[in-house]
Amino acid sequence: MSVQVENKAIKPPLTNIGVIGWIRHNLFNGYLNSLATILIFILLIQLVPQFVQWAFIDSVWFTSGKECHQVEGACWSVVTQNIRFNIFGYYPYEHQWRPLVAMIILVSMLIYSRDWKKWSRKLGYTWLVALFSMGVLMKGGLFGLVSVESTKWSGLPLTLLLSFFGILASYPLGVVLALGRQSRLPIIKAFCVVYIELIRGVPLITLLFMSSVMFPLFLPEGVTIDKVLRAQTAIILFTAAYIAEVVRGGLQALDKGQYEAAESLGLTYWQKMRLIILPQALKIVIPPTVGILISAFKDTSLVVIIALYDILNTTKSILNVPEWTGFSTEAYLFVAAIYYFCCYSMSRYSKKIEKELEYKADT
């Protein structure tokens, strides 16, 4: 803001606003912060030119693996020459357009649904049609599409499938478990406590092993359950236990007066939770919840132990070919970029939700 002095406007100091103000506040705010900034800047001066030289100037992009061994720069050919296998894995080559269309549908729906104002019953029906279409495209067997076994689903489509449905199903399940843990009914409370503590006490690998090796032993002879479905169930159950504890923390963080006010209005238990308690509790726990969901997205790489190949493990398969051995840095940088883009998008969306909720609360 400017101040009027003798009919003249005095602008704020340049050191407090604009780019200079941001640099001073974030990079040179105190002696330790300034020292760290200078040291990091010197380190970047040393490393960035070397990286640019390696990654772009001396690099090759569309050559064979044999020619890559003769260059000093990066061999991005390990990505470009194997991009289809890297993305789609063991899905039949001639039908790889199907998972591509399924991914386009999923991403398009996610982008369209990011605005809360568009959430409606019509959008829900649209999601059902989109999910059915994606299932038909991936599995086949209808509309003249050749059936493809789920064991051949791999690469990025499998990663998105496991992470999306894992997040979609684990969140409401986690909320129910959190409510059950605070229930006054002893049986329900005991069941939720045992489930949450048991699941949180073992790693995800254990659940995946159980779903792949142990669970089929308890099924009647001749009855089988799809391997992808078993892995998906394990991821959902595992993630839901962690979300339940985060949501429980949000419920306990609310002032007791909120519960008493809801009860004084004569609301039922479910009305109280749906209209007053949960909206406030879930708003509080958005940051830790997103952290758990991001971890669930990255944990999909563990499905390799039950012979399912996500994008990380299709990359490993490429590097096992003698022609491309030794170019793991380039291949993993490509995979890291995909993981970073997805995780960063989730993080930015959570911040957007927080700002919208804060603005709505202020108004």
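The values are calculated or read from the model by the stated rules, or taken from the named source; none is laboratory data. From a predicted model like this one, the values you see are computed outputs, not experimental measurements. Neighbour counts run over all protein chains shown; Cβ positions are idealised from the backbone, glycine included.
What the table below lists for this structure:
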| item | result |
| --- | --- |
| Set Ile38, Ile87: member being over 27 Å from Gly155 (Cβ atoms) and not in a loop (DSSP other than H, G, I, E, B) | Ile38 |
| Region 321-358 - residue that is under 11 Å from the mean Cα position of the chain (by Cα) and loosely packed, with under 12 Cβ neighbours inside 10 Å and, of those, farthest from Trp54 (Cα to Cα) | Tyr344 |
| Criterion violated by Phe238 - all others in (1) surrounded by fewer than 20 Cβ atoms within 10 Å (Cβ to Cβ); (2) closer than 30 Å to Lys139 by Cβ satisfied | (1) |
| Residue in region 57-70 that is among the aliphatic types (A, V, I, L, M), modelled with pLDDT under 90 and not in a loop (DSSP other than H, G, I, E, B) present | yes |
| Filter result for Tyr339 (in contact (Cβ under 8 Å) with a residue 60 or more places away in the chain and closer than 27 Å to Arg230 by Cβ) | no |
| Condition check for Arg114: more than 20 Å from Phe165 (Cα to Cα) and either outside the structural domain of Ile353 (by TED's automatic domain parsing) or surrounded by fewer than 17 Cβ atoms within 10 Å (Cβ to Cβ) (or both) | no |
| From the options Ser211, Ser170, Ser183, residue that is farther than 29 Å from Ser113 by Cα, in contact (Cβ under 8 Å) with a residue 60 or more places away in the chain, in the same structural domain as Ile305 (by TED's automatic domain parsing) and not aliphatic (A, V, I, L, M) | Ser211 |
| Any chance Leu173 is out of contact with any strand residue (DSSP E or B) (no Cβ under 7 Å at 6 or more places or on another chain) and under 30 Å from Leu282 (Cα atoms) | yes |
| Pairs where the first residue, in region 227-255, is in the same structural domain as Leu207 (by TED's automatic domain parsing) and the second is assigned to a helix (DSSP H, G or I) and of a type in the set (Asp, Glu), C-beta under 9 Å, 6+ apart | Ile235/Asp299; Phe238/Asp299; Thr239/Asp299; Ala241/Glu197 |
| Residue identified as in contact with a Lys or Arg (Cβ under 6 Å, 6 or more places away or on another chain) and within 21 Å of Val290 (Cα to Cα) among Ala169, Ala178 | Ala178 |
| Some residue of region 287-297 being assigned to a helix (DSSP H, G or I), aliphatic (A, V, I, L, M), loosely packed, with under 13 Cβ neighbours inside 10 Å and in contact (Cβ under 8 Å) with a residue 24 or more places away in the chain | no |
| Sole exception among (1) in contact with a helix residue (DSSP H, G or I) (Cβ under 7 Å, 6 or more places away or on another chain); (2) on the phi > 0 side of the Ramachandran plot for Gly326, by number | (1) |
| Residues that are charged (D, E, K, R) and modelled with pLDDT of 85 or more, drawn from region 324-363 | Glu330, Arg348 |
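Table: residues versus (1) surrounded by 11 or more Cβ atoms within 10 Å (Cβ to Cβ); (2) over 30 Å from Leu308 (Cα atoms); (3) not charged (D, E, K, R).
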site	(1), (2), (3)
Tyr31	no, yes, yes
Val71	yes, yes, yes
Ile83	yes, no, yes
Pro99	yes, no, yes
Ser120	no, yes, yes
